[in-house]
Amino acid sequence: MQNNTFSTLFVGQNLIKLKEVDSTNNYLKNLASNSEPLPEGTVIMADNQFAGRGQQESVWQTEPGKNISTSIYLKPSFLPISKQFYLNMAVSLAVADALSFFLPSPVVVKWPNDIYYNRKKLGGILIENALTGSIIKSSVVGIGLNINQQAFGKDLSTKATSMFLVLNEELDLEHVMEKIFVYMEKYYLILKSERYAILHNDYLKRLLYFDIAGSFIQNGQVFEGKIKGVEDSGHLIMEVDGNIKHFNFKEIEYIHTN
């Protein structure tokens, strides 16, 4: 472990750097369960994450040393379980705001927790909560972002992008991380002060296809819909054929169009 000089109150002040790990989330969860109590804001950062995971156990692939693979340890015991998706909102907003600082146009969030730029994926977030009764004992916030990667495989080249591909220059990874940590604290303190309306409204402003007609797939069937909002539970609210419908995570897919 090492102390750092990030201009933050607690996020990233305890930073653990690894050359290689299967998953920064797994490493941090094991550390939290096997050692002395970890300080809130502890960060794991890996040069290479060879078995990173996305939502619903999908695989996150990244080029070693080029991108951000990090996990942050939080203790949001103040947050009601019924509102745990607001932590997702806070983290998504922090990442979107931080990356927008470097890019010419705003970064957006694709529901529930993917980070997009110009309709292509820049990264994703995976939050794993540990519950004790009705209390969120701890949260491991995994963040994977394409920063300096210059090329993607054929299956991803039309769907993924990186900061390098947008700017045509490499960025210092720790500088980008510091921006993320600063915004993380901002939104985490908003969450802690129970200003849920601020998070909800800002999240909708950042939401890809919000109040815009788009094409989606459910059970192999294509349908047209318009995203109208997000419930406290995180479920998506959509208008389809004049009716309001609610969708759970991974229940529908966006049809990518450039």
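The values are calculated or read from the model by the stated rules, or taken from the named source; none is laboratory data. Since we're looking at a predicted model, the values are computed, not measured. Every residue, glycine among them, receives a Cβ derived from its backbone with ideal geometry; neighbour counts consider all protein chains shown. Side chains are part of the model used for accessible areas, which takes the heavy atoms of the whole protein and leaves out ligands, DNA and RNA. Shrake-Rupley method; radii C 1.70, N 1.55, O 1.52, S 1.80 Å.
Could you tell me whether any residue of the range 194-217 is of a type in the set (Gly, Ala, Ser), within 23 Å of ALA98 (Cα to Cα), assigned by the TED database to the domain that holds LYS110 and open to solvent by 50 Å² or more (accessible area, probe 1.4 Å)? Within the range 194-217, one or more residues are of a type in the set (Gly, Ala, Ser), within 23 Å of ALA98 (Cα to Cα), assigned by the TED database to the domain that holds LYS110 and open to solvent by 50 Å² or more (accessible area, probe 1.4 Å). If you go through the range 1-19 and pick out every residue that is open to solvent by 40 Å² or more (accessible area, probe 1.4 Å) and modelled with pLDDT of 90 or more, you end up with 5.
Based on what the data block shows, is ILE227 open to solvent by less than 40 Å² (accessible area, probe 1.4 Å), part of a strand (DSSP E or B), in contact with a strand residue (DSSP E or B) (Cβ under 9 Å, 6 or more places away or on another chain) and not assigned by the TED database to the domain that holds ASN118? It is true that ILE227 is open to solvent by less than 40 Å² (accessible area, probe 1.4 Å), part of a strand (DSSP E or B), in contact with a strand residue (DSSP E or B) (Cβ under 9 Å, 6 or more places away or on another chain) and not assigned by the TED database to the domain that holds ASN118. Given the structure, is PHE223 farther than 30 Å from PHE6 by Cα and among the hydrophobic types (A, V, I, L, M, F, W, C)? Considered against the rule, which asks whether it is farther than 30 Å from PHE6 by Cα and among the hydrophobic types (A, V, I, L, M, F, W, C), PHE223 comes out as yes.
Close contacts from the range 124-151, counting a first residue that is over 17 Å from VAL43 (Cβ atoms) and a second that is assigned to a strand (DSSP E or B) and β-branched (Val, Ile, Thr), with Cβ to Cβ under 7 Å and a gap of 6+ residues or different chains, come to GLY124/ILE115; ASN129/ILE136.
Only residues that are within 23 Å of LYS110 (Cβ to Cβ) and either open to solvent by 40 Å² or more (accessible area, probe 1.4 Å) or modelled with pLDDT of 85 or more (or both) were counted in the range 52-73, giving 15.
Which members of the range 90-111 meet the condition of being closer than 18 Å to THR70 by Cα and open to solvent by less than 20 Å² (accessible area, probe 1.4 Å)? So that I can check it myself, show each step before the final result.
Initial filter on the range 90-111 (closer than 18 Å to THR70 by Cα): 90-99.
Scanning the range 90-111 gives ALA90, VAL91, SER92, LEU93, ALA94, VAL95, ALA96, ALA98, LEU99.
Quick grid of which residues meet (1) open to solvent by 80 Å² or more (accessible area, probe 1.4 Å); (2) in the same structural domain as VAL95 (by the TED database):
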residue	(1), (2)
TYR187	no, yes
HIS235	no, no
VAL240	no, no
HIS246	yes, no
LYS250	yes, no
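One residue stands out among those in the range 24-48 that are at pLDDT below 90 and more than 17 Å from LYS75 (Cα to Cα): the one that is most open to solvent (accessible area, probe 1.4 Å), which is ASP47. Scanning the range 115-155 for residues that are open to solvent by less than 30 Å² (accessible area, probe 1.4 Å) and not aromatic (Phe, Trp, Tyr) yields a total of 19. When the criteria are applied in full, SER77 meets the requirement of being under 23 Å from TYR203 (Cα atoms), at pLDDT 95 or above and open to solvent by 60 Å² or more (accessible area, probe 1.4 Å).
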